[in-house]
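All remarks here apply to the structure that follows.
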Amino acid sequence: MREQLESSLRAMLSLTFGRFWIIPLDIYQVGIRPLLFSGFKADPELLHQQTLRMLSLLDQSGDRPGGRWTQERLQQSLCLTNVRLEQTLWGLKFPNPVGLAAGFDKDGVAAGIWEVLGFGFAELGTVTFQAQSGNPRPRLFRLMRDRAALNRMGFNNQGADAMAKRLSSVSGQESVVSDQETTGNGQRTTGKIPIGINLGKSKITPLEKAATDYLGSFRLLKNLGDYFVVNVSSPNTVGLRSLQSSDQLSLILEQLQQENQGQKPIFVKIAPDLEWEAIADVLYIAQNYHLAGIIATNTTISRDNLKTQVIEATGKDVREEAGGISGAPLRDRSTAVIRFIWQQTQGQLPIIGVGGIFTAADAWEKITAGASLIQVYTGWIYEGPWMVRRILEGLLQKLEERGLTSISEAIGIDS
Ligand SMILES: Cc1cc2nc3c(=O)[nH]c(=O)nc-3n(C[C@H](O)[C@H](O)[C@H](O)COP(=O)(O)O)c2cc1C
């Protein structure tokens, strides 16, 4: 079964990445995507699971000739290395500024594959202390006309302990290959790109015990990630976003930083729907607790300016469906939040910008508004695996046009 899967994967990849890699746009966007999105009328979550299973298999097969061959083809086709895109932040070396956003690899089942696909870093999770199955299905929908997604997954994941076991077994097998593996107290892990771990609150844990829940996950995982994210911004766990308030956030960060002892960079990921005043409060807390930065933003609960009226799969009005919107409709709000943070902190608090990035122009807008790094999720689904490389090529072109020598010089220049 495994061999069969591997050989069909190889055949598919040699077709899409081998002979025809010069016209990648045609193959994914004209061929594969229409088939995946509409031809099979498949449930988006099922497609996601199958993709992840394939990537996990590919990740694990790197020490076999077939697996190695496939990974090399992918790398040749999808990766772009250029010293002008590199940055060292928090003692970590980022080969490029485009990362995978949280939510795609919630359990870290394909943690080693993201660098092969061209990403400069990847964020695993959200993982919670308790394993949990998430909200009832269907819970992930595509809004094709809006180039968006609506999800209410509800932190479905196998729990922090399972992730810790998985990541430590990988790090046990792998030799030490990167600079950052020797930094801090970390015995981390697989490859050459920084790996973040995004932590959430377990559904069964009451809000007043949230700090203990985050702390439990952090204790299990602290040696296995390069940076950590306190996710208090998902709209899909009841009451979670109330943890963005000063009192609640302080309680969580107090405990985490005490356990952390300055070893790992810790971020807070915020919602795009916060009022400016509430964001300013988070910034104050972030600086007080010596956070490494802010991840802006999570999905939005706003349904403004959507072309989609009805969710086809349920027949219900999009305003009646619970969940967060990601993709193009989120882009401008997320950029505005980034710009606000940059201005409020005079560029002193690093920002990882995420929300509605599809093109190099979108990425450039986020970086010049103040983001040191960016992340993608929905755009990658719509645009396909060549998106990262296209963005990187476009960023290099923008640097050229603006007479800049490195991406770090572009951060916040239009804010
Ligand atoms: C299906 C799905 C699941 C997600 N799950 C998580 C998650 O578990 N934790 C998290 O912090 N963000 C999660 N996100 C939010 C993304 O990380 C990102 O912040 C948001 O989608 C905006 O980026 P995008 O427009 O590029 O998708 C999820 C997004 C989607 C579409």
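The values are calculated or read from the model by the stated rules, or taken from the named source; none is laboratory data. As the structure is a computational prediction, the values presented were derived from the model and not from experiment. Cβ sites come from the backbone with ideal geometry, for glycine too, and all protein chains shown count toward neighbours. For the accessible areas, the whole protein counts, side chains as well, though only heavy atoms, and no ligand, DNA or RNA atoms are used. Shrake-Rupley method; radii C 1.70, N 1.55, O 1.52, S 1.80 Å.
The single residue among Val109, Val83 that is more than 29 Å from Gly394 (Cα to Cα), at pLDDT 95 or above, among the β-branched types (Val, Ile, Thr) and open to solvent by 10 Å² or more (accessible area, probe 1.4 Å) turns out to be Val109. Within the range 387-415, the residues that satisfy the criterion of being of a type outside the set (A, V, I, L, M) and either within 16 Å of the ligand (Cβ to nearest atom) or assigned to a helix (DSSP H, G or I) (or both) are Arg389, Arg390, Glu393, Gly394, Gln397, Lys398, Glu400, Glu401, Arg402, Ser408, Glu409. Applying the set (1) open to solvent by 10 Å² or more (accessible area, probe 1.4 Å); (2) in contact with a helix residue (DSSP H, G or I) (Cβ under 8 Å, 6 or more places away or on another chain); (3) in a helix (DSSP H, G or I) to Lys93 leaves exactly one unmet item: (3). Condition first: outside any loop (DSSP other than H, G, I, E, B) and open to solvent by 20 Å² or more (accessible area, probe 1.4 Å). Now tell me which residues in the range 372-386 satisfy that. Scanning the range 372-386 gives Trp380, Ile381, Glu383.
Count, please, the residues in the range 324-358 that happen to be open to solvent by less than 20 Å² (accessible area, probe 1.4 Å), among the small types (Gly, Ala, Ser) and closer than 20 Å to Glu277 by Cβ. Qualifying residue count for the region: 1. Hey, can you tell me all the residues within the range 359-371 that are over 15 Å from Gly99 (Cβ atoms) and either in contact with a His (Cβ under 9 Å, 6 or more places away or on another chain) or open to solvent by less than 10 Å² (accessible area, probe 1.4 Å) (or both)? Result: Thr368, Ala369, Gly370. In the range 41-79, which residues are part of a loop (DSSP other than H, G, I, E, B) and surrounded by fewer than 18 Cβ atoms within 10 Å (Cβ to Cβ)? If the condition is that a residue be part of a loop (DSSP other than H, G, I, E, B) and surrounded by fewer than 18 Cβ atoms within 10 Å (Cβ to Cβ), then Lys41, Ala42, Asp43, Arg64 are the ones that fit.
Restricting attention to the range 372-414, the residues being within 16 Å of Leu330 (Cα to Cα) and aliphatic (A, V, I, L, M) number 3.
With respect to Ala148, determine if the residue is within 16 Å of the ligand (Cβ to nearest atom), among the aliphatic types (A, V, I, L, M) and at pLDDT 95 or above. Yes. When restricted to residues that are assigned to a strand (DSSP E or B), near the ligand (Cβ under 10 Å from one of its atoms) and open to solvent by 20 Å² or more (accessible area, probe 1.4 Å), the range 122-141 contains 1. Taken over the range 311-340, residues that are within 15 Å of the ligand (Cβ to nearest atom) and either assigned to a helix (DSSP H, G or I) or in contact with a Cys (Cβ under 7 Å, 6 or more places away or on another chain) (or both) amount to 11. For first residues located in the range 138-164 and acidic (Asp, Glu), partners that are within 13 Å of the ligand (Cβ to nearest atom) and open to solvent by 10 Å² or more (accessible area, probe 1.4 Å) and lie 6+ apart or on another chain with Cβ distances below 8 Å form the pairs Asp146/Ala328; Asp146/Pro329.
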